[in-house]
1. With the checklist (1) open to solvent by 60 Å² or more (accessible area, probe 1.4 Å); (2) in contact with an Asp or Glu (Cβ under 7 Å, 6 or more places away or on another chain) in hand, flag the one item Lys55 doesn't pass.
2. Test each condition in (1) modelled with pLDDT under 75; (2) in a helix (DSSP H, G or I) for Gly140 and report the one that comes out false.
3. Given the options Ala47, Ala86, Ala73, name the one that is under 19 Å from Ala169 (Cβ atoms), in contact (Cβ under 8 Å) with a residue 12 or more places away in the chain and of a type in the set (A, V, I, L, M).
4. Filter region 66-96 for residues that are open to solvent by 20 Å² or more (accessible area, probe 1.4 Å), closer than 26 Å to Ala45 by Cβ and in a helix (DSSP H, G or I) and give the result.
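The values are calculated or read from the model by the stated rules, or taken from the named source; none is laboratory data. What you see is a predicted model; the values in this text were computed from it and never measured. Every residue, glycine among them, receives a Cβ derived from its backbone with ideal geometry; neighbour counts consider all protein chains shown. Remember, those area values only see protein heavy atoms, side chains included, never the ligands or the DNA or RNA. Shrake-Rupley method; radii C 1.70, N 1.55, O 1.52, S 1.80 Å.
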Amino acid sequence: MYRNSQSQPRNNNNNNNKLDNFDRYENNYRILIVQSAWNYDSSDALAKDVYLTLKNQYHIKESNICIYQITQAIDLPYTAQHLINAAKNKGQPFDVVICIGVIVSRYEQMVNTVNQYLMKITLETGTPIINGILPGKTNGNMELFYDNGKRYDLINLGCYWAKVAMEMAGIHST
């Protein structure tokens, strides 16, 4: 999906990253990114950061990163569960799933419901799901999001989710 992109992942400048010495040659993790197309510019930028960080910083092979795009963030739990189970049935399970989406903050109940179901699916399937669901302040292109009134820049979130995904994939594979 992002194979020909000239963009580079954003650097989080965290010198205490225990994954800095990650063995790139032992890394065969299969990773699924499920992205909601709602607030596409924001969710796509985040998915791109995750993809490029996994590929360039953690040296995940392109063939081991699957990207699946859906229309609505409310459908992320079902889609993630279905794709996790389908991959297991084919004998090619995912080590970790990253769900990315933006839900307008006036739908707070929807955000909470999606979050609860993602955790439930993680526990039921045994596959870690990284929760990249953001409560958006507006319905347009977001460069920032709000959580309990506190403003966060989107910079580094994709890189952070990739880092957490690598940590959880390592736990999942043990």
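1. If we test Lys55 against (1) open to solvent by 60 Å² or more (accessible area, probe 1.4 Å); (2) in contact with an Asp or Glu (Cβ under 7 Å, 6 or more places away or on another chain), just (1) comes out false.
2. (2)
3. Ala47
4. Ile74, Asp75, Tyr78, Gln81, His82, Leu83
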